Amino acid sequence: MIKMSIPPVKEQLDVIERGTVEILPREELIQKLEQSHKTQTPLRVKLGCDPTRPDLHLGHSVILRKMRQFQDLGHHTILIIGDFTAMIGDPSGANKTRPALTREDVVENGRSYFEQASKILDPERTEIVYNSEWLAPMSFEDVIRLASHYTVARMIERDDFTKRYQNNDTISLHEFLYPLAQGQDSVHLRSDIELGGIDQKFNLLVGRHLQKEFGQSQQICLMMPLLVGTDGTMKMSKSYDNYIGIDEKPEDMYGKALSIPDELIYPYFELVTDVEQDRLPELKQQAESDPRNTKHKLAWTITRMYHGAEKADQARDHFEKTVVRKDVPDEMPEFVFASGSGSGILDVIRETGFVPSSSEARRLVAQGGVTLDGEKITDPRYSFETGKTGEFVLKVGKRKFGKLIFR
RNA sequence: GGGGAGGUACCGAAGCGGUCAAACGGGGCAGACUGUAAAUCUGUUGGCUACGCCUUCACAGGUUCGAAUCCUGUCCUCCCCA
């Protein structure tokens, strides 16, 4: 491992505070940073992840990027795969009790999570731990003791619980254990700082509280805002289908990034891109004066971060071509059919996998959402002549293209 | 443990014996429009060998010519009391 020097406080704060919503308590953070700089001892920075959904998107990247910044400042970072807590299911976010996962699922998801997170974190400098390591061996007695350090009144103060309680929604008793388990992680790891989304505030504070109960130095809670999704209203989440996945194809990434409302251009630059700190004010202004080009710059930057400059250029060209000029893309998946079968258009569309059912295909045809070589097909009974050969460009819906080859 | 309310499509929510593949809203999808995959307007939204047929209204049975709607049992949720 490379020995890094820990820079002075002021310098660190500039980086640390980029995009944060809240640091509790900020004063203590400064003290810890001073101490750390003086003694050149890295702080222990903890981030827990819930491996229920292994597809990471830009929403996750906000917090992971913050973690990366701590790495670059020379601190010690610990990524906790919440394999044990995932079996409880965090009550926050989806206001619903989540189904418990099996151990195998959780382990597999954890692996996939780290693999994806490595696109943002420096894997060399990330300590990975699974919280089942210390949570699983706890006895019932240990759990009772832990639970005695928190009160029901404080527990139901928590937003999610309050709301669900008022709505007469189910709250399973074991959900109360989630924050405690997460807090126990902090105690076990003796963390100095815990990162989290602002929706994690309660959980992070429980960690702080428990550390105090156990006579430890209390962690600083650093909260990042929730990234608003491409729909411009709700937080980015796979279940709202308003996300940009970090594994997505360059073209999709670019297109989705362009679909965000103009007000989000700046927050995205600040939270999910690696543009230099001192360029931010300038970008903020451009986002207002020239939203179109600034948004293209944003889309390009995001795509470049995950796919490189060359792919980003291609994605931009692809967008210009298919969306702006409504032209046919350079590359598209090919589907080969045997001529002579006299295939109907509905079956052909189905075989491409662009739609889940032939009823859906029929609907699209009826609504004029299907073209063949640029010609709208409106008759669901349209079929390719028997014995016909050649290639056709099929377009289904707004942006699904395929090359049909009959031979 | 006792009493009451309720479980409807992706979500919320009507319907309470036929005219129900199921109103309405949200979401999704499509068309028009657009700097944009935004906003707005319009249409559409179970499946199929498709002007007809098949499977849906927690689950399993039953009554009836006919049930999402009535009856019985099971599972689940919420409220009040203990």
#### Entry: segment A:98-158: translational diffusion in µm²/s, Stokes-Einstein, Kirkwood Rh over Cα pairs, 25 °C, 0.890 mPa s
166 µm²/s
### Task
Please work out the average accessible area per residue across chain A, using the 1.4 Å probe convention, and give it in Å².
50 Å²
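When the Kirkwood radius is taken over all Cα pairs of segment A:248-324, what Stokes-Einstein diffusion coefficient follows at 37 °C and 0.692 mPa s, in µm²/s? Could the numbers behind the result be given before it?
On the way: Rh = 12.3 Å.
For these conditions, the coefficient is 267 µm²/s.
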### Message
Suppose each label sits 7 Å from its Cα in the direction of the beta carbon; what would the A:Lys376-A:Ala309 distance come out to in nanometres?
### Response
4.4 nm
### Query
For chain A, which whole-number percentage of the solvent-accessible area (1.4 Å probe, protein heavy atoms only) is attributable to carbon and sulfur atoms?
49 percent
### Query
In the structure displayed, which of A:Lys10/A:Lys46; A:Lys256/A:Lys403; A:Lys46/A:Lys212; A:Lys10/A:Lys311; A:Lys201/A:Lys238; A:Lys32/A:Lys284 lie more than 28 Å apart, Cα to Cα?
A:Lys10/A:Lys311; A:Lys32/A:Lys284
### Query
Where does helix A:177-189 land angle-wise versus the long Cα axis of chain A, in degrees 0 to 90, nearest 10?
60 degrees
#### Entry: Selected from A:Pro54, A:Gly369, A:Pro329, residue furthest toward positive end of dipole (chain A; charges at beta carbon)
A:Gly369
### Task
Could you state, as a whole-number percent, how many of the C-alpha pairs of segment A:9-224 are farther apart than 25 Å?
37 percent
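For segment A:1-81, state the semi-axes of the equivalent ellipsoid (square roots of 5 times the eigenvalues of the alpha-carbon gyration tensor), sorted largest first and rounded to whole angstrom. Don't jump to the answer; show the numbers that get you there.
On the way: eigenvalues 113, 45, 25 Å².
Over the Cα atoms of segment A:1-81, the semi-axes work out to 24, 15, 11 Å.
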### Message
In segment A:196-227, whose amide N lies under 18 Å from the spot 7 Å out along Cα-to-Cβ of A:Thr41? List them in ranges.
### Response
A:212, A:215-220
#### Entry: Order of exposure, largest accessible area first, which applies to A:Glu251, A:Glu27, A:Glu124 with probe 1.4 Å
A:Glu124, A:Glu27, A:Glu251
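Rg to Rh ratio, segment A:334-406, alpha-carbon atoms and Kirkwood radius? Each step should come with its number before you reach the end.
Working: Rg = 10.9 Å, Rh = 11.9 Å.
In segment A:334-406, Rg relative to Rh is 0.92.
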### Query
Computed on alpha carbon atoms, what radius of gyration and Dmax characterise chain A, expressed in Å?
25.5, 82
### Message
For A:Ser343, what residues show an amide H to amide H distance below 5 Å, using hydrogens built from the backbone and excluding near sequence neighbours?
### Response
A:Phe384
### For segment A:392-407 and segment A:124-168, distance of Cα centres in Å
52 Å
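Considering every pair of different Cα atoms, what Kirkwood radius, in Å, is found for segment A:29-71?
Details: mean 1/r = 0.0811 Å⁻¹.
For segment A:29-71, inverting the mean 1/r across all distinct Cα pairs yields 12.3 Å.
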### Task
Calculate how large, on average over all directions, the projected area of the Cα convex hull of segment A:113-196 is; give the answer in nm² to one decimal.
7.5 nm²
### Task
Please turn the phi angles of segment A:64-71 into ³J(HN,Hα) values with the Karplus equation 6.51 cos²θ - 1.76 cosθ + 1.60 (θ = phi - 60°), one per residue in order, whole Hz, x for glycine and proline.
5, 5, 4, 4, 4, 4, 5, 4
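Could you state the per residue volume, in Å³, of the convex hull enclosing the Cα atoms of segment A:180-331?
Numbers: hull volume 21.4 nm³, N = 152.
Spelled out: Cα convex hull of segment A:180-331, divided by residues, is 141 Å³.
How many percent of Cα pairs in segment A:124-249 exceed 18 Å? Spell out each step's value before the answer.
On the way: 4996 of 7875 pairs.
Summing the P(r) of segment A:124-249 above 18 Å gives 63 percent of all pairs.
Calculate the dipole size of chain A relative to its Cα centre from +1 charges on Lys and Arg beta carbons and -1 charges on Asp and Glu beta carbons; express the result in debye to the nearest 20. Don't skip to the end; give the middle numbers.
Working: 54 positive and 63 negative charges, 91 e Å.
Around 440 debye, computed over chain A.
The values are calculated or read from the model by the stated rules, or taken from the named source; none is laboratory data. Keep in mind that this is a model prediction, so the values were computed, not measured. A quick note on method: Cβ atoms are made from the backbone with ideal geometry, for glycine too, and the neighbour counts reach across all protein chains shown. Only protein heavy atoms, including side chains, enter the accessible area calculation; ligands, DNA and RNA are left aside. Shrake-Rupley method; radii C 1.70, N 1.55, O 1.52, S 1.80 Å.
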